[in-house]
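To start, the structure under review is shown below, and the notes come after it.
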Amino acid sequence: EDKVVQSPLSLVVHEGDTVTLNCSYEVTNFRSLLWYKQEKKAPTFLFMLTSSGIEKKSGRLSSILDKKELFSILNITATQTGDSAIYLCAVEGTGNQFYFGTGTSLTVIP
Amino acid sequence: KAGVTQTPRYLIKTRGQQVTLSCSPISGHRSVSWYQQTPGQGLQFLFEYFSETQRNKGNFPGRFSGRQFSNSRSEMNVSTLELGDSALYLCASTNYGSYNEQFFGPGTRLTVL
């Protein structure tokens, strides 16, 4: 059965901390892994990863994929209260179907 | 380019009723996927339509159905509503190419009383 597992389920940190969010997957015919940020509305796209070992970076956020060990991490450095959100990991597999994890709820305290 | 739109944004129904949700994808996108999001279950895949055909289907009962029109707009219908159907229903559109990215609409928040 195809599945995506995210950890931790929730996280509370102080502003300025660095956090690492994990996403492991077992998906047939892997095509890509995507990270989304969801606040009180629709998930918004952060990164798409297709190749192992190549870090994607956008400001304080970065992500990397390990296709051998079947996982990805999302790092956020110098966290801010605006980073508080649910972070979703999705993997595209067979038939262009996307499998989502349950998400990691991040709360950044001032 | 306009984003994905969903209507209505909020809906309150009672058990046993039926409901129809609508999604308009980004112009030019031919694929529309529907997801149910609840706090405990996360995002769960309902179905995907591509060029008016259902291409993928998740593990939901037959009360959940959908269709796609020739202009790629999609509707999702839930019949005989149950309390457990209360959720945020998200629609996503995809323009398939070398690599695919789903763009999400704002969702319809359905509450079943």
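Coordinate-derived values only; no laboratory data. On a predicted model such as this, the values are computed, not experimentally measured, just so you know. Here the Cβ is made from the backbone with ideal geometry for all residues, glycine too, and neighbour counts use every protein chain on show.
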query: Does anything in the range B:9-45 have its amide N under 14 Å from the 7 Å Cα→Cβ label point of B:Ser65, and if so which residues?
result: B:18-21
- prompt: Counting other C-beta atoms within 10 Å, which of A:Ile76, A:Ile54 has the fewest, and how do the rest follow?
  reply: A:Ile54, A:Ile76
field: Rg and Dmax [Cα atoms of the range B:48-94; Å; Rg one decimal, Dmax integer]
entry: 11.5, 33
- request: Jot down the radius of gyration and Dmax of chain B, Cα atoms only, both in angstrom.
  value: 13.4, 44
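Taking 4 °C and 1.567 mPa s as the conditions, I'd like the Stokes-Einstein D for chain A in µm²/s, using the Kirkwood hydrodynamic radius from alpha carbon pairs. Walk me through the numbers on the way to the answer.
Working: Rh = 13.9 Å.
It diffuses with D of about 93 µm²/s by this estimate.
Would you mind ranking A:Thr81, B:Thr38 so that the residue whose beta carbon has the fewest other beta carbons within 10 Å leads the list?
Values: A:Thr81 10, B:Thr38 14.
So the ranking, lowest neighbour count to highest, is A:Thr81, B:Thr38.
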task: Just the number, please: Stokes-Einstein D of the range A:49-110 in µm²/s, Kirkwood Rh from C-alpha pairs, 25 °C, 0.890 mPa s.
output: 187
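Treat the protein assembly as shown as a sphere of radius equal to its Kirkwood radius over Cα pairs and apply Stokes-Einstein at 10 °C in a medium of 1.306 mPa s; give the translational diffusion coefficient in µm²/s, rounded to a whole number.
On the way: Rh = 18.0 Å.
Estimated via Stokes-Einstein, D reaches 88 µm²/s.
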query: Counting alpha carbon pairs within less than 8 Å and at least 6 residues apart, what relative contact order, in whole percent, applies to chain B?
result: 36
field: Proximal lysine pairs, the range A:25-110, alpha carbons under 19 Å, eight or more residues apart or interchain
entry: 5
- prompt: Roughly what % of DSSP beta bridges within the range A:7-110 run antiparallel, to the nearest 5?
  reply: 85
